[in-house]
1. Would you give the gap between the C-alpha center of segment 75-121 and the C-alpha center of segment 160-236, rounded to a whole Å?
2. Using amide H atoms built in the peptide plane, which far-off residues or other-chain residues are under 5 Å from I5 H to H?
3. Kindly point out which whole DSSP H helices in the chain project their C-alpha atoms 18 angstrom or further along the helix axis while averaging a Kyte-Doolittle hydropathy of -1.0 or above.
4. Compare V134, V48, V102 in a GNM of the chain, Cα atoms joined below 10 Å, and give the one with the largest fluctuation.
5. Quick one: net charge around N10, please, counting Lys, Arg +1 and Asp, Glu -1 for every other residue with C-beta under 11 Å from its C-beta.
6. Net charge near V178: determine it from the other residues with C-beta under 13 Å of the C-beta of V178, scoring Lys and Arg +1 and Asp and Glu -1.
7. Spelling out what I want: for every residue of segment 227-240, take phi, set θ = phi - 60°, compute 6.51 cos²θ - 1.76 cosθ + 1.60 (Karplus), and round to whole Hz; glycine and proline get x.
8. Output wanted: per-residue J couplings in Hz (rounded whole) for segment 198-203, from phi through Karplus 6.51 cos²θ - 1.76 cosθ + 1.60, θ = phi - 60°, x for Gly and Pro.
Amino acid sequence: MTLEIETYPNKETLANSAAKEFSRHARSAITRHDRFSVALAGGSTPRVLYSLLAGDEYASKLDWARIHLFWGDERCVPPDHPDSNYRMARKILIDRVPIPEVNVHRMQGELAPEEGALAYERLLYRYFSWKTPVFDLVLLGMGEDGHTASLFPGDRSLRERKRWVIAVDHNQPPVPTVPRLTLTLPILNFARKVMFLVTGESKAETVRRILVSGCKLPAGMVKPVSGNLKWMLDEAAGTEVG
Ligand code: 6PG
């Protein structure tokens, strides 16, 4: 694993750099194996990135016919629910770019959680031709408690080593009450590249605990086995990182 830590003046410059990385990685993956598989992050931080990718500077330069969108996690809600990570990406990115519908592989949050997890595992089996999924890129955010995707501190989901996708019902404040689906740590760690996008002062201490003290919070357990890990921080989130 190679580790990069970059700090940017603000979330806009961070998103611009992330868009450049996304674009570069997409081109390289498509050259290498004629397609680019990326697992999108939920939450609010990646919204600026998704908007840039749908904008004039990037949309026309990306080969959307060979780009396949997946999700790192999803809330167990219908696809048109305000809390749906898919809905957020659909509105900000997918509806604004010429990506074929068959390339959009959402988690079915409308199903019963365990059913949704099994359905996504079947989808990944098919896409990755029955081999262990190796995403070209995984985008992740981090909560103030150090969670990432829907892998929360102290949750049994962190110990899952066989399943690729699991249902999480980590029903403790301040995390949300709705159950979620998430890729498991092994799948995140098989990725060729993982990019954390983390902004805001409220996360600075958790970033320090992970990147300076090596705390084993969920976000600190994402270490691609043979891939590249890049933490992209704005100055506010990176104040504690030298
Ligand atoms: C989600 C995400 C979650 C998110 C972090 C950070 O479904 O909410 O998968 O892991 O990335 O909670 O969220 P913000 O970007 O909104 O701070």
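No lab work stands behind these numbers, since they all come straight from the coordinates. From a predicted model like this one, the values you see are computed outputs, not experimental measurements. Every residue, glycine as well, gets a Cβ built from its backbone with ideal geometry; the counts of neighbours run over all protein chains shown.
1. One Cα centre to the other: 20 Å.
2. W231
3. 11-33, 113-127
4. Judging by the Gaussian network model, the answer is V102.
5. Working: positive: K11; negative: E12, D234, E235.
Summing Lys and Arg as +1 and Asp and Glu as -1 gives -2.
6. -3
7. x, 9, 10, 10, 9, 10, 10, 7, 4, 5, 7, x, 4, 8
8. Once rounded to whole Hz, the list reads 10, 10, x, 4, 5, 9.
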